[in-house]
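The values are calculated or read from the model by the stated rules, or taken from the named source; none is laboratory data. The structure displayed is predicted, hence computed values, not measured ones. For neighbour counting, all protein chains shown are included, and Cβ atoms are generated from backbone atoms with ideal geometry for every residue, glycine included. Just the protein is used for accessible areas: all its heavy atoms, side chains included, with ligands, DNA and RNA removed. Shrake-Rupley method; radii C 1.70, N 1.55, O 1.52, S 1.80 Å.
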Amino acid sequence: MGTFSILNQSASGKNLQRLFLLRIIAIASQIIIFWTVYSVIELELPWMPIILTISLLAVLNFFTWIRLRYAWLVTNPEFFVQLLIDVASLTALLYFSGGSTNPFISLYLLPLTIAATVLPWHYTWTMAVITISCYTFLLFQFVPLPHDHLDDHSRHMFEFNLHVSGMWLTFVLSTLLITFFVVKMNASIRDRDKELSRSREQALQNEQIIALGTLAAGAAHELGTPLSTMAIITGELQQESLENVEFQRSIRILRDQIALCKQTLTHLLADAGQARVEEGNGQPVDVFLQQVIDKWQLVRPSIRFTSRYDGMQPAPVIMNTRLLSQSILNLLNNAADASIRQVDITCRWDEKQLHLEILDDGPGLDAEAAEHAGEPFFTSKGPGQGFGIGLFLANTNIERFGGSVRLFNRPEGGACTHVILPVLQGTASTSL
């Protein structure tokens, strides 16, 4: 089943992994320290129970490693029991090596600090009571360190130097371990909180989209009748003033736009509830963009614009859905509303991404618009000129396709809408 890479990556699972690694460091440190005491300082300690304690801790840590190979949820009680194992082993080792006189007694603060960092408060208070009880027990019950081979003065100097050295080593170990592992554990908790926050934002956004979809469906039904009436009236008007070329041109534009509106409403009602990403069709990037721009030109015939395409040929394929094309249309309409003279459209692509830049020469984004851009129902347009949902829906839909939308002011004036969309693997031979 592999190593840690296949483990569940929840915050509690990552914390247990770090505790497992921390215990490995503790076991290695204990072996080095007791080996130094045995071979260099040559103290006579009850080595058999000490060796058995370290061995038992190593065996329990091996079982922890086996447990970590399964993607079971690490609960708070399980993590607390793991900390109790460390407290019990530390108490046993201190009992056989001087009890409360051992300078490593302050290592009790390490499991307490970990509990306070990653567990609820009642586990922390329980751990505090347990560690205080163990410390108190070692004040009265322990195996003293032997000093029979030293005179009084040498013994006092030896005890003092040993205690000071042990305190220094304890401080260094505790500082390094707490700094590294506890900070990592706390980072896991922050990541979990961020993920929960993103989930709440996504849920709120979905509620807003559902509300907008409901309103759109109702509006589609209500607009059908007046559009049909407008189509009949414009048809009758087209039969009048046949010699007036400008009048006929205006009526033709009006009838084309009414037909487009009716077609859009028909598709909206027919495709309700089926706008999933996987239901689109693959289409060459250049063909898809040209179709979107042609449709936009039909809707906004008075807008002057330039378009430029730059990318590998044959062009890669992009997922063409009504949601995606409508989202880009919304962004083009926003640029047209803000523009004074013309809109410049630049399309670049490679085998991985499509970059679409929509440049307008308007006044740009003010501070309020830059701060709230993309929020639902916010618009910088005048009363009755915008609903504040076009950019919000475009950004939401494009993100669902794995892309992103960024708005920023251009140094030479105006604003830029930069859209990034992933393209599908493979290319198509169709091009402009």
Quick calc: nm separation of the 7 Å Cα→Cβ label points for Ile66 and Glu351 -> 4.7 nm
Interchain or sequence-distant (5+) residues whose placed amide H lies within less than 5 Å of the amide H of Gly364 are Gly414, Ala415
Cross-link reach from Lys184 to lysines, straight Cα distance under 21 Å and at least 8 residues apart if same chain, gives Lys14, Lys194
Under the Karplus relation with 6.51, -1.76 and 1.60 and θ = phi - 60°, whole-Hz ³J(HN,Hα) for the range 44-54, x at Gly and Pro, equal 8, 10, x, 5, 4, x, 5, 5, 5, 5, 5
Result for the range 1-117: accessible area per residue, probe 1.4 angstrom, in square angstrom, of 48 Å²
Length gained if Gln291 through Ile32 is fully extended, taking 0.36 nm per residue and subtracting the Cα-Cα distance, is 86.0 nm
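Which order, highest average first, do 114-120, 60-66, 325-331 follow once you tally other Cβ atoms within 10 Å for each residue and take the mean per peptide? Working shown, then result.
Numbers: 114-120: 19.7, 60-66: 14.0, 325-331: 21.3.
Highest to lowest by the protection proxy: 325-331, 114-120, 60-66.
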Excluding residues fewer than 8 positions from Lys262 in its own chain, the lysines with Cα under 28 Å of it are Lys295, Lys381
For the range 85-125, the accessible surface attributable to carbon and sulfur atoms (probe 1.4 angstrom, ligands and nucleic acids excluded) amounts in percent to 77 percent
Taking a ≥ b ≥ c as the square roots of the eigenvalues of the Cα gyration tensor, with a/c under 1.5 meaning rounded and otherwise prolate when a/b exceeds b/c and oblate if not, the range 36-119 is oblate
With every protein chain in place, the accessible area of His355 for a 1.4 Å probe, in Å² rounded to the nearest 10, comes to 40 Å²
Heavy-atom accessible area of Tyr95, protein chains in place, probe 1.4 angstrom, given in Å² to nearest 10, is 70 Å²
Using a 1.4 Å probe on heavy atoms of the protein chains only, the accessible area for Lys184 in Å², nearest 10, reads 90 Å²
